[in-house]
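All of the numbers you see were taken from the coordinates with simple rules; none came from a lab. Quantities reported herein were computed from a predicted structural model and do not represent experimental measurements. Virtual Cβ from ideal backbone geometry, glycine too; neighbours counted across all protein chains shown.
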């Protein structure tokens with residue numbers, strides 16, 4: 001999916017919600033517990049209940065690889081089931097030497113119809129470049145992540161500039177790709193960074209985890225980082241997927257997604273007027 | 001496999017060779033090209049031809065994920081075929097927020113009998129910690145990788161210490177784990193760093209890629225980083241796997257592995273005498 005289509009979908013649906021399909025067999029609601037096809041069936045019902053409220057789905061590969069080849073099959077079926085009208089992010093946090101990263105890119109972009117892959121920048125330019133060579137496909141580069149460990153290296157300041165490593169990642173990422181094929185991950189648990197991120201990368205989409213269970217605040221993120229072209233995908237996983245652990249899990253997921261979409265509509269209208 | 005067993009195997013076999021099973025369907029030798037079970041059959045014959053010459057095997061997940069669930073099945077069969085007498089490194093370069101990294105660790109250490117997983121440090125302590133909680137299992141943390149992109153961030157100097165990021169990763173890694181459950185990746189394409197690495201981490205095992213096709217030199221690495229407890233696993237992939245593209249591929253792989261093992265025996269003897 002290209003940038004213009006993504007932006008159009010966001011304004012049509014009045015939503016920049018990305019639902020993380022981080023499906024754990026042990027957390028399946030009661031009716032699906034222990035069923036042979038439980039994970040895919042859960043995903044199918046979550047997707048059916050939320051299609052009109054979100055623009056993106058983001059399955060995290062760890063949750064599928066945890067069940068080996070069988071899990072990979074569920075991942076592939078889920079991707080196929082989502083279809084081409086949503087932006088699909090394989091949350092894989094991959095990155096390897098150039099010829100190896102190319103294989104990851106082919107796996108997600110050629111074999112499977114993913115639109116984007118999350119990529120760790122630690123190995124530098126040649127580890128990210130192969131994800132940027134496919135028309136309409138995206139690399140989503142980790143800049144500053146939502147977890148406590150983001151303090152260990154991402155926030156370390158570099159000599160010469162005095163700026164933290166994550167700023168350097170954004171500066172470099174801007175040279176590797178364009179706002180049409182590269183996004184950055186910026187965790188909502190770092191509310192103080194969004195103004196600075198927008199100063200460096202005014203046009204790039206940001207994929208923002210950390211709202212909900214992890215404690216980030218949607219309004220703060222929007223106030224500093226939402227643009228007239230939206231420029232945000234806000235990702236929510238557990239608070240939608242596990243809104244209820246009973247028979248009504250899909251309705252409960254829809255209600256939570258709806259609540260978030262309505263907030264997003266409000267922020268989008270504000271930015272449309274002022275932008 | 002625990003540290004003592006790994007060291008004992010290295011001295012018994014007079015080898016610290018790790019063979020990277022980076023098997024590309026398009027590079028299979030003529031007799032296996034296009035065969036349904038070509039990848040697994042290739043791995044099986046490479047393993048049979050090299051078992052006594054190496055102490056570790058390292059399949060890189062990208063080469064298996066490139067074929068989706070079917071590739072995962074080949075990965076799993078390969079791991080099972082290797083068995084428990086070799087140190088098995090899943091070269092996956094994983095790393096995610098804590099609860100998600102835990103799933104990766106379970107996938108490789110509980111579902112599958114891998115001994116180690118390569119881990120990207122960018123997301124910090126909680127992304128690595130889950131790999132360190134399994135008895136006899138290891139995290140192999142990327143410090144300074146063998147590819148050109150290692151210059152982009154890994155070699156950037158940090159304020160306060162003035163040392164490059166990779167040194168900080170090693171310093172932190174030493175606090176996260178011990179020489180019994182944590183190794184570092186240090187690419188042989190950076191010959192100048194090994195003395196410094198050993199000054200910071202005298203006891204930790206180093207996993208060293210970059211010998212062979214990528215141009216690193218075994219003797220230089222050994223001179224600066226081999227210890228009386230060995231402390232090295234040197235990884236070679238393409239120059240062994242694709243030593244011949246004909247019927248004799250397994251014999252050719254063995255000959256190349258043998259050549260490396262004999263060099264390693266020489267260096268081990270030197271370090272045993274002087275150490």
Between residue B:84 and residue A:133, what is the label-to-label distance in nm when each label sits 7 Å out along the Cα-to-Cβ direction?
4.3 nm
Using Cβ counts within 10 Å as a stand-in for footprinting exposure, how do B:152, B:248, B:91, A:48 rank, fewest first?
A:48, B:248, B:152, B:91
At 7 Å out from Cα toward Cβ: residue B:99 inter-copy label distances (nm, ascending):
4.0
For residue A:262 and residue A:112 in one chain, what is 0.36 nm times their gap in residues minus the Cα-Cα distance, to one decimal in nm?
50.8 nm
Expected-Rg normalisation [2.2 N^0.38 Å, Cα atoms] applied to region A:197-240
1.16
Which distances in nm, rounded to one decimal and ordered from shortest, link the label point of residue A:266 to the equivalent label points in the other identical copies, with labels set 7 Å from Cα toward Cβ?
7.4
Ranked B:192, A:266, B:86, criterion: other C-beta atoms within 10 Å, fewest first
B:192, A:266, B:86
Antiparallel versus total DSSP beta bridges in the protein assembly as shown: what percent is that, nearest 5?
10 percent
From the alpha carbon gyration tensor of region B:56-152, can you work out the equivalent ellipsoid semi-axes (sqrt of 5 times each eigenvalue) and give them in Å, largest to smallest?
21, 17, 13
Could you tell me the calculated FRET efficiency between residue A:238 and residue A:270, based on Cβ-Cβ distance and R0 = 25 angstrom, to the nearest 0.05?
0.35
Residues of A:68-77, mean number of Cβ from any other protein chain within 10 Å of their own Cβ, rounded to a whole number?
5
List the distances, in nm to one decimal, from the label point of residue A:157 to the label points of the same position in every other copy, shortest first, placing each label point 7 Å from Cα along the Cα-to-Cβ direction.
1.6
One finds, for residue B:30 and residue B:77 with R0 = 35 angstrom and r their Cβ-Cβ distance, a FRET efficiency to the nearest 0.05 of 0.95
Over region B:119-257, what is the percentage of antiparallel beta bridges among all DSSP beta bridges, to the nearest 5?
15 percent
With bins 10 Å wide starting at 0, give me the P(r) of region B:3-274 over every alpha carbon pair, in whole percents.
7, 31, 37, 21, 4, 0
Chain A: antiparallel bridges as % of DSSP beta bridges, rounded to 5, reads 5 percent
With contacts defined as alpha carbon pairs under 8 Å and 6 or more residues apart, what's the relative contact order of chain B in percent?
22 percent
Sorting A:11, B:267, A:131 on the 10 Å Cβ count, fewest up front, what's the list?
A:11, B:267, A:131
Mind grabbing the base-10 log of I(q)/I(0) for the protein assembly as shown at q = 0.05, 0.09, 0.10, 0.12 Å⁻¹? Debye formula, identical points on the C-alpha positions, no solvent, two decimal places.
-0.20, -0.65, -0.80, -1.12
Determine the relative contact order of region A:94-147: mean sequence separation of Cα pairs under 8 Å and six or more apart, normalised by residue count, in whole percent.
38 percent
P(r) of region A:137-275 over all Cα-Cα pairs, 5 Å bins starting at 0, rounded to whole percent, reads 2, 10, 18, 20, 19, 14, 9, 5, 2, 1, 0, 0
Nearest 500 deg cm²/dmol is fine: what mean residue ellipticity at 222 nm does the protein assembly as shown get from its DSSP H runs of n ≥ 4 alone, each adding -39,500 (n - 2.57), divided by its residue count?
-12500 deg cm²/dmol
Over region A:93-194: Rg over Rh, Cα atoms, Kirkwood Rh:
0.98
